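Trainee: Pasting a structure below so you can have a look.
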């Protein structure tokens with residue numbers, strides 16, 4: 001994507017982690033664009049952004065879980081505090097740079113509020129997936145899929161839920177978040 005290239009190339013591990021989260025979130029939403037087909041361009045763009053941000057919240061949560069286990073709570077908090085602006089600031093710049101400053105500040109404020117809400121919501125899930133119940137709210141990937149279907153206006157569409165679970169699991173496995181968190185831990 002052309003606006004993906006507007007992200008600052010940061011040589012640090014945390015910069016690489018922020019780029020991986022954004023790029024993979026973008027890949028997820030792009031893979032679902034057939035489901036984001038609406039009567040108006042405005043509605044399509046709005047739903048696209050909601051879904052993109054949900055994937056960002058999810059992958060940041062997954063990073064947070066890994067960081068807690070690998071770095072401990074104090075360094076996890078430091079990682080989270082440094083990572084969030086490295087994700088949201090370039091996202092706002094690349095998607096909303098032409099908007100008035102006040103609206104961009106509102107998006108940033110909403111991002112942090114919704115990121116905190118998502119962190120609480122996803123932290124209630126104790127399993128990645130429940131094999132015999134892919135529609136369970138008790139598993140992370142199922143919760144993500146349900147959130148995305150709701151945000152996209154296709155609440156509880158079973159076909160879409162399965163596609164989101166399959167897509168997000170595959171992408172998550174390839175992100176190598178544990179390796180990235182290890183590298184960030186060496187820099188913190």
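Trainee: Go through region 31-42 and give me each residue that's under 22 Å from the mean Cα position of the chain (by Cα) and touching a residue at least 12 places away in the same chain (Cβ under 8 Å).
Mentor: 31, 32, 33, 35, 36
Trainee: Which residues, taken from region 82-106, are buried (at least 16 other Cβ atoms within 10 Å of the Cβ) and under 15 Å from the mean Cα position of the chain (by Cα)?
Mentor: 83, 84, 86, 87, 88, 89, 90, 91, 92, listed by residue number.
Trainee: Additional query: What single numbered condition from (1) more than 21 Å from residue 71 (Cβ to Cβ); (2) in a helix (DSSP H, G or I); (3) over 15 Å from the mean Cα position of the chain (by Cα) fails to hold for residue 168?
Mentor: Condition not satisfied by residue 168: (3).
Trainee: Right, here's the next one. When you scan region 162-184, how many residues do you find that are surrounded by 19 or more Cβ atoms within 10 Å (Cβ to Cβ) and farther than 15 Å from residue 58 by Cα?
Mentor: Result for region 162-184: 3.
Trainee: While we're on this one: Would you pick out the residues in region 54-89 that are closer than 24 Å to residue 28 by Cβ and out of contact with any helix residue (DSSP H, G or I) (no Cβ under 7 Å at 6 or more places or on another chain)?
Mentor: 65, 69, 85, 89
Trainee: Does residue 155 satisfy being assigned to a loop (DSSP other than H, G, I, E, B), without any contact (Cβ under 8 Å) to a residue 12 or more places away in the chain, touching a helix residue (DSSP H, G or I) at 6+ places or on another chain (Cβ under 9 Å) and surrounded by 14 or more Cβ atoms within 10 Å (Cβ to Cβ)?
Mentor: Considered against the rule, which asks whether it is assigned to a loop (DSSP other than H, G, I, E, B), without any contact (Cβ under 8 Å) to a residue 12 or more places away in the chain, touching a helix residue (DSSP H, G or I) at 6+ places or on another chain (Cβ under 9 Å) and surrounded by 14 or more Cβ atoms within 10 Å (Cβ to Cβ), residue 155 comes out as no.
Trainee: To continue, here is another question. Please specify each residue of region 69-81 satisfying the condition of being more than 20 Å from the chain's Cα centre (by Cα) and closer than 15 Å to residue 183 by Cβ.
Mentor: Once the filter is applied, which keeps residues that are more than 20 Å from the chain's Cα centre (by Cα) and closer than 15 Å to residue 183 by Cβ, region 69-81 yields 70, 71, 75.
Quick note: the coordinates plus some simple rules give every number you see, no bench work behind them. Given the structure is predicted, the values throughout are model-derived calculations rather than measurements. Positions of Cβ are backbone-derived with ideal geometry, glycine not excepted, and every protein chain shown enters the neighbour counts.
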